[in-house]
Amino acid sequence: MRLAANDICVTLKDRQVLFGVSAVLVPGQITAIVGPNGAGKSTLLRALAGLRRPTVGRVTIDGVPLSDLDRRTRARSVAFLPQNPQVHWPLSVRSVVALGRLPHHSSVARDTAADRQAILDAMTAMDITRFAARSVAELSGGERARVLFARALAQEAQILLADEPTAGLDPAHALDLFAILQRLAAEGRTIAVVLHDLSLAARFCQSAVILADGRVVAAGPAVETLTPERLTQAFGTAMAVGCIAGVPVVVPSERGQK
Amino acid sequence: MSDTRDIRSESRSGRLLGGLLAVLVLVALLSLAIGPAGFGIPRTQAALILMEIRLPRTLLGLLIGGALGLAGAVLQGYLHNPLAEPGIIGISSGAGLGAVLAIHTGASTAFALALPLGGMLGALIATLLVLLLAGPRGGSLTLILAGVAVSSLATALISLALNLSRNPFASVEIVYWLLGSLADRSMTHVWLGAPFMIAGILLMLRLGPSLDALSLGEEAAENLGVDLARLQLTAISGAALSVGAATAVAGGIGFVGLVVPHVLRPLVGHQPSRLLPASLVGGAILVLTADIILRLLTPAGDLRLGVVTALMGTPLFLWLVHRTRRELAP
């Protein structure tokens with residue numbers, strides 16, 4: 001499924017956050033949404049998930065406006081993982097992951113074989129099967145982040161949108177997460193992640209959208225977009241792009257004037 | 001392995017519900033069997049006493065307890081707050097004010113049903129006021145603030161009615177009514193309150209999956225297909241219908257909506273959807289048990305139901321304090 005924002009403007013509490021932003025997410029690719037704090041990255045992701053209605057422009061799935069889909073169809077098509085996700089009750093790990101199956105339930109069919117398989121697959125992918133019966137309240141922040149990501153995976157949506165999914169993860173689990181995202185992309189899913197770690201963006205994402213002050217600075221294939229010039233322009237500080245042991249690395253080289 | 005663990009906790013919830021239902025049947029039969037006419041089911045004027053006096057009392061106990069327990073579970077789930085209770089959104093105080101005004105104006109002496117009808121009108125006005133103040137997408141904090149505002153206003157007006165009352169009998173009647181009771185209620189009260197309580201209960205029982213999704217926060221719940229505005233409207237109207245009618249018919253019965261879901265929550269793995277039916281049954285058990293105890297202690301009917309539920313609820317809460325302290329201890 002192809003998810004596109006066409007020239008959207010979003011206003012939050014009388015303050016305009018996005019100014020005519022366009023972005024196209026294509027199946028089979030991981031798109032990084034990057035930019036400085038307050039650039040509107042999370043708002044763009046929420047608008048793509050249908051959680052914020054643009055005042056101007058629209059978001060479409062395969063050409064169909066997102067606002068035309070009913071809630072359950074949208075929930076089965078787009079999985080969204082908020083930033084710093086929370087769990088309000090000390091639920092068991094498995095029951096949190098199982099919440100991802102809610103859009104698939106009908107009044108008669110719940111906890112089907114397909115549900116159980118999806119839950120097990122999601123838990124296996126995130127390496128949390130051994131916690132299954134534990135309460136999420138007992139887990140560390142990174143472990144809990146993996147549980148909540150597994151919830152989004154269990155949703156089995158063709159489009160996956162995650163706001164800083166690697167926040168709180170150790171390097172090994174961050175790499176594991178991207179390995180899973182790459183596998184999902186290879187299966188033909190459409191994926192977008194908001195990232196602060198530009199090196200991960202340069203290494204794993206095929207395309208990128210750079211936002212600054214609610215506008216697109218650059219968008220397109222990651223190799224053409226995540227360049228020192230564009231990043232320097234967006235972040236207001238000199239950025240260097242290099243390569244260590246064959247791995248792309250992006251670092252701020254010098255604090256610029258803004 | 002993980003699967004069997006979860007199925008075990010699910011069957012544990014099922015067993016809990018089964019056990020609660022069995023206790024409820026027992027308590028309901030006991031409630032029917034107890035009264036000043038003697039212990040056991042009397043044989044002579046039997047049917048009359050049973051049908052006219054004890055049956056309405058038992059039915060109201062079942063419905064009111066269930067309504068309060070369920071509304072508590074729904075509001076705690078909706079507000080993510082284990083200390084929320086039906087009173088927090090101002091509906092019980094609104095119903096209280098309506099009934100108090102019916103007594104104060106003398107309407108209830110002229111026409112007995114003015115009391116419950118006034119209570120329902122008060123609950124309706126309070127609910128509309130809370131919904132208006134909180135707005136369709138106000139979120140839980142605005143809802144609590146609106147509830148507290150409406151509740152304080154209603155309580156202040158009840159105090160004003162007491163303050164200005166020139167008739168000492170009316171004052172005594174108001175105070176007694178506010179303490180809550182199932183005594184001297186007829187089938188008319190049941191017919192009056194039951195439709196609203198049942199409608200509210202049915203509305204609230206459907207909220208399980210949405211409340212489960214809401215454990216992940218509003219955005220994740222919305223992404224899972226939950227209509228937040230509709231959830232808020234259903235939760236409030238369900239609670240308002242059932243708690244408003246319960247308060248209008250029986251007066252203020254505190255603590256049930258707070259303590260029942262709180263005590264049962266760990267036993268259902270903290271899952272809001274599983275807590276709903278358990279709290280429905282648990283609330284009915286608590287209210288019927290309290291009503292049986294007070295009838296056994298004071299057959300003349302001096303002891304009020306709201307006093308007994310509060311007295312029974314406090315030890316349960318003290319036990320919770322003890323447990324929480326032990327869990328949080330380093």
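The values are calculated or read from the model by the stated rules, or taken from the named source; none is laboratory data. Everything quoted here is computed from the prediction, not taken from an experiment. Cβ: placed from backbone, ideal geometry, glycine included. Neighbour counts: every protein chain shown. The protein model used for the area step is the full one, side chains on, heavy atoms only, and it has no ligands, DNA or RNA in it. Shrake-Rupley method; radii C 1.70, N 1.55, O 1.52, S 1.80 Å.
Quick rundown of the values:
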read-out: Net lengthening on full extension, A:SER106/A:ASP7 (0.36 nm per residue, minus Cα-Cα); value: 32.0 nm
read-out: Total charge dipole magnitude, chain A, about the Cα centre, Cβ charges on Lys, Arg, Asp, Glu only, Debye to nearest 20; value: 600 debye
read-out: Qualifying GluC sites (Glu not before Pro) for the stretch A:160-247 [loop in DSSP, other Cβ within 10 Å: at most 13]; value: A:GLU187
read-out: Quarter of the Cα convex hull surface for the protein assembly as shown, i.e. its orientation-mean projected area (nm²); value: 31.7 nm²
read-out: For the stretch B:17-328: accessible area per residue (Å², 1.4 Å); value: 42 Å²
read-out: Estimated dipole of the stretch B:17-328 in Debye, rounded to 20 [Cβ of Lys and Arg +1, of Asp and Glu -1, Cα centre]; value: 460 debye
read-out: Surrounding net charge for A:VAL209, when Lys and Arg each add one and Asp and Glu each subtract one, Cβ distance under 12 Å; value: +3
read-out: Summed buried accessible area for B+A [probe radius 1.4 Å, Å², rounded to 100]; value: 2700 Å²
read-out: Largest-first ellipsoid semi-axes for the stretch B:82-219, taking √(5λ) over the Cα gyration tensor eigenvalues, angstrom; value: 31, 19, 11
read-out: Debye-sum result for chain B in log10 I(q)/I(0), which assumes one identical scatterer on each alpha carbon, at q = 0.09 Å⁻¹; value: -0.47
read-out: Of the DSSP H helices in chain B, those whose Cα atoms cover at least 20 Å axially and whose Kyte score averages 1.6 or more; value: B:114-134, B:139-164, B:187-205
read-out: Surface per residue (accessible, 1.4 Å probe) for chain A, Å²; value: 43 Å²
read-out: Difference of contour (0.36 nm per residue) and Cα-Cα distance, B:TRP319 to B:ASP302; value: 3.3 nm
read-out: Alpha-carbon spread of chain A, three principal axes, descending order, Å; value: 57, 44, 34
read-out: Radius 11 Å from Cβ of A:THR43, net charge of other residues (Lys, Arg +1; Asp, Glu -1); value: +3
read-out: Cα Rg, Dmax, the stretch A:147-204, angstrom units; value: 10.8, 28
read-out: For the stretch A:137-173, residues shielded by at least 40 square angstrom of accessible area compared with the chain on its own, probe 1.4 Å; value: A:ARG151
read-out: Cα lying deepest toward the dipole's positive end in the stretch B:17-328, options B:ALA229, B:ILE34, B:PRO82, charges on Cβ; value: B:ILE34
read-out: Separation of alpha-carbon centers, the stretch A:131-204 and the stretch B:199-215, rounded to whole Å; value: 30 Å
read-out: Cα extents of the stretch A:86-220 along the three principal axes, largest first (Å); value: 47, 32, 27
read-out: Convex hull volume of the stretch A:88-131 per residue (C-alpha atoms, cubic angstrom); value: 81 Å³
read-out: Check: the protein assembly as shown dipole with +1 on Lys, Arg Cβ and -1 on Asp, Glu Cβ, in debye; value: 600 debye
